[in-house]
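Asker: Pasting in a structure now, in structure tokens, and then I'll have a few things to ask.
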Amino acid sequence: MRRILSVFVTFEKWCNNLGAFILVAMMVLVTANVVSRYAFNRPILGTLEFTEFMIVAAVYLALSYTQRQKGHIDIELVTARLSVRKKQVCQLVTLLCGLGLFGIIAWQGIVMTLESYHIQEVTFGTVEVLEWPFKAFVPFGSILISIRFLIEVVGTSQCLIREKL
């Protein structure tokens, strides 16, 4: 089990790095577009369409890794005064809600991606861009963070059970 968890953690890091690379590529594309537009009066066609899709990919690829690093917003206004056990119960409820929410997003994302693939959906803009490859990042990232939530649910549950014994 530890080996599987280790492989998943490595995969999360790779996905996060890919998301960071996509952000850099997006930054280079936008910069090149600005230079091209103002220096040569020739904007790069499709910059808006590609950057819209690239940001979705970057965000969804980084969700699971960010959860692992405890990098998401954590409001401690209520939980700061609770006992350790009650904090863990609150954390378990939150993790289960996140698991349910991202499970639904993954399921609907798969449905939408498959539909987009079957009709070969394209953007309407300066260039036509197939949408389904970019839409696939939503269920992919949602599945990753759902697995991360499941791992954390198991860990938090084990802590609660150990404390009760």
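The numbers here are math on the coordinates, done by the rules we state, and not lab data. Just so you know, these numbers come straight off a predicted model, no measurement behind them. Ideal geometry is used to build each Cβ from the backbone, glycine not excepted, and the neighbour counts take in all protein chains shown.
Asker: Pick out the one residue from LEU82, LEU101, LEU45, LEU92 that is touching a Ser or Thr at 6+ places or on another chain (Cβ under 6 Å) and surrounded by fewer than 16 Cβ atoms within 10 Å (Cβ to Cβ). Outline the logic, then answer.
Answerer: Numbers: LEU82 fails: touching a Ser or Thr at 6+ places or on another chain (Cβ under 6 Å); LEU101 fails: touching a Ser or Thr at 6+ places or on another chain (Cβ under 6 Å); LEU92 fails: surrounded by fewer than 16 Cβ atoms within 10 Å (Cβ to Cβ).
From the options LEU82, LEU101, LEU45, LEU92, the qualifying one is LEU45.
Asker: Report, ordered by the first and then the second residue, all pairs with beta carbons closer than 7 Å, sequence separation of six or more or different chains, a first member in segment 26-50 that is touching a residue at least 12 places away in the same chain (Cβ under 8 Å), and a second member that is aromatic (Phe, Trp, Tyr) and surrounded by 16 or more Cβ atoms within 10 Å (Cβ to Cβ).
Answerer: LEU29/PHE50
Asker: For segment 112-160, give me each residue that is outside any helix (DSSP H, G or I) and touching a residue at least 40 places away in the same chain (Cβ under 8 Å).
Answerer: Within segment 112-160, the subset outside any helix (DSSP H, G or I) is 120-131, 136.
Those that are outside any helix (DSSP H, G or I) and touching a residue at least 40 places away in the same chain (Cβ under 8 Å): THR123, GLY125, THR126, VAL127, VAL129, GLU131.
Asker: Out of the residues in segment 113-165 that are among the polar types (S, T, N, Q) and crowded, with 17+ Cβ neighbours inside 10 Å, which is farthest from GLU12 (Cα to Cα)?
Answerer: Pass one, segment 113-165, residues among the polar types (S, T, N, Q): 113, 116, 120, 123, 126, 142, 146, 156-158.
With crowded, with 17+ Cβ neighbours inside 10 Å added as a condition, the list becomes 113, 116, 123, 142, 146, 156.
Values: THR113: 22, SER116: 26, THR123: 30, SER142: 12, SER146: 12, THR156: 20 Å.
Among those that are among the polar types (S, T, N, Q) and crowded, with 17+ Cβ neighbours inside 10 Å, it is THR123.
Asker: Something else about it: For segment 61-86, how many residues are of a type in the set (Gly, Ala, Ser) and under 26 Å from the mean Cα position of the chain (by Cα)?
Answerer: 3
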